[in-house]
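Engineer: Got a structure here, written out as structure tokens. Questions coming.
The values are calculated or read from the model by the stated rules, or taken from the named source; none is laboratory data. A quick note: this is a predicted structure, and the numbers were derived from the prediction, not measured. Heads up, the Cβs are rebuilt from the backbone with ideal geometry, glycines too, and the neighbour counts pull from every protein chain shown.
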Amino acid sequence: MTIIPPEELVPNDERFAFLTLARGRLRGQKLFAAGAIVLLIIIVMALLAPWITPYPQDAQGGVDPVNSLLAPSAQHWFGTDQVGRDVYTRVVFGARTSLLIVFSVLSLSVLIGVTLGVIAGYAGGWIRDVVMRVTDVFLAFPALLLSLALCIVLQPDLKTAILAITVTWWPWYTRLAAGVAASISGRAYMDAVRALGISPARAVFRHVLPNSLTPVIVQLSLDAGGIILTAAALSFLGLGAQEPTAEWGLMVSQGQDLFTTAYWVALFPGLAILVAAFAFNMLGEGMRTALDPRRGFTS
């Protein structure tokens, strides 16, 4: 008797379905294209920051009090701040900080949330109940207030901000992954996988997890903009990145009292926050529309 490998029992259009959908549906998504282009520019600028900024030392603690609060000019495109640092340089280096926060928070949130969610959704029973109740406890607190409380209790810095935001973000991925995993675990091909004696660990990581990725990827792109805004809010309140780190929210905070006399100190980092968050939202909205289940995709 020939035994069919369990992998062949899973339809190809179901496993890693987001790859096939992304190849066709995203081509006509103008929102996705616009967001991707803007984000690509931001990423390239962040990577090349030391080479495309005129005063890289200003992003690492350098000061020049003689040139403080100079208006935008050919020498200082975005002007200078209270201690003479080039605002353009710090805005470009600030992209590095914001992207680091986004990447770190999303990576940790997915690692924790999706792992717990997939296990809970596949196992069911008391394991699911315990994981979901713990998740509900975290979701019961307003996200920003919980992040603020953690930053106040711990020493405010960039690492603390990343940890605080992660604590409020991972439960959403747990809930999302648990729902998808529970749906997948009840399908016919998963019954066949279990009947063939495949271990639960292999079943989860070989079949359940790959088929749970589509909604997670969409949620990642939608959450990135919110993380940038949350990180900027923490730094604005003095509970995130600290001097001399170049961070957009911190720069806005430093320039808020000077807006009527030196608007550029707060304006340009504020615009950077707006553009980055809007680009991530366009990217996420484009992906959500392209991979919408109502357009024929079943996760």
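Engineer: Picking from ILE162, ILE152, which residue would you name as being within 19 Å of LEU106 (Cα to Cα) and hydrophobic (A, V, I, L, M, F, W, C)?
Structural biologist: ILE162
Engineer: Additional query: Please find, within segment 44-62, the residue that is surrounded by the most Cβ atoms within 10 Å (Cβ to Cβ) out of those that are closer than 13 Å to THR245 by Cα and either aliphatic (A, V, I, L, M) or under 26 Å from the mean Cα position of the chain (by Cα) (or both).
Structural biologist: Ranking the candidates gives ALA59 first.
Engineer: If you don't mind, there's one more thing I want to ask. Which condition breaks for LEU154 when tested against (1) surrounded by fewer than 16 Cβ atoms within 10 Å (Cβ to Cβ); (2) in contact with a Cys (Cβ under 7 Å, 6 or more places away or on another chain)?
Structural biologist: Among (1) surrounded by fewer than 16 Cβ atoms within 10 Å (Cβ to Cβ); (2) in contact with a Cys (Cβ under 7 Å, 6 or more places away or on another chain), LEU154 violates only (2).
Engineer: Just checking, which of SER107, SER98, SER73 is free of Cβ contacts under 8 Å to residues at least 12 places away in the same chain, within 30 Å of LEU176 (Cβ to Cβ) and either of a type in the set (S, T, N, Q) or part of a helix (DSSP H, G or I) (or both)?
Structural biologist: SER107
Engineer: Count, please, the residues in segment 244-260 that happen to be in contact (Cβ under 8 Å) with a residue 24 or more places away in the chain and not in a helix (DSSP H, G or I).
Structural biologist: Of the residues in that region, 4 qualify.
Engineer: Would you confirm whether or not segment 290-297 contains a residue that is surrounded by fewer than 23 Cβ atoms within 10 Å (Cβ to Cβ), closer than 19 Å to LEU176 by Cα and at pLDDT 85 or above?
Structural biologist: no
Engineer: Additional query: Could you check segment 253-268 and list, in sequence order, the residues that are loosely packed, with under 14 Cβ neighbours inside 10 Å and within 15 Å of ALA232 (Cα to Cα)?
Structural biologist: Within segment 253-268, GLN256 is the sole residue that qualifies.
Engineer: Checking PRO65 against (1) in contact with a Pro (Cβ under 9 Å, 6 or more places away or on another chain); (2) at pLDDT below 90, which single condition isn't satisfied?
Structural biologist: Checking PRO65 against (1) in contact with a Pro (Cβ under 9 Å, 6 or more places away or on another chain); (2) at pLDDT below 90, the one that fails is (1).
Engineer: Against the condition of a type in the set (Phe, Trp, Tyr) and crowded, with 16+ Cβ neighbours inside 10 Å, how does PHE236 come out, does it pass?
Structural biologist: So PHE236 passes the test.
Condition check ((1) touching a Cys at 6+ places or on another chain (Cβ under 8 Å); (2) among the hydroxyl-bearing types (Ser, Thr, Tyr); (3) more than 22 Å from TRP248 (Cβ to Cβ)) across all residues:
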| site | (1), (2), (3) |
| --- | --- |
| GLY94 | no, no, no |
| LEU100 | no, no, no |
| SER104 | no, yes, no |
| ILE127 | no, no, yes |
| ARG133 | no, no, yes |
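Engineer: Same structure, new question: What's the total number of residues in segment 117-151 that are more than 22 Å from GLY179 (Cα to Cα) and touching a residue at least 60 places away in the same chain (Cβ under 8 Å)?
Structural biologist: Residues meeting the conditions: 4.
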